1. Got a sec? Which residues in region 84-113 would a label at Leu13 touch, if it sits 7 Å along Cα→Cβ and we count backbone N under 13 Å?
2. Take peptides 79-92, 6-19 and line them up by average Cβ neighbours within 10 Å, highest first, as a rough protection proxy.
3. What distance in nm lies between label points placed 7 Å from Cα along the C-beta direction at Asn2 and Ile96?
Amino acid sequence: MNISNTQFLIGGLVIAILIGGLAVFLASGDPDGLESTALYVQGEKTLTGPSPEDGDPEAVGVSDGFAYTAPLPDYSMGEEGGKIGEIFAVFAGILIVFGLAFIASRLIAVKTK
C-alpha cells in the first residue's frame, strides 16, 4: 500500500491535532519541571529546594535587563479564555509549527534539485 506525501502530511496533521486537543484535558494543571528549571537558572531557588512562593518562572531573563512575554503563555488565552482558549492556543501552535516545517522542507527540496 503506497500513500502519497499529501496523505501522509494530512494524516500527521490530523494526529497532531487529536493529540493536542486531548492534551488540553489530560495535561496537569500544575506542571513544575520547566518552571522549576527557570527559577533555578534565575537563581531564585536551589536545585533541590522548594520553589519560592513569589518566584516568577515566566520572567525569563529579567535579571539581565531582557524580558520576554509569550504570545500565548501557558498554552492559554488567559483565565477568561478557559478551555476553548487553551484549545485555540494548542491548535495555533500546531499549525504554526507545521507551516514552518512545511516551508523549510520546500526550501530544502528546492536547494537539493
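Read-outs: derived from the displayed coordinates by stated rules, not from any lab. Remember, it's a predicted structure, so these values are computed and weren't measured experimentally. Positions of Cβ are backbone-derived with ideal geometry, glycine not excepted, and every protein chain shown enters the neighbour counts.
1. Only 92, 94-103 pass the distance filter.
2. 79-92, 6-19
3. Output for this residue pair reads 3.8 nm.
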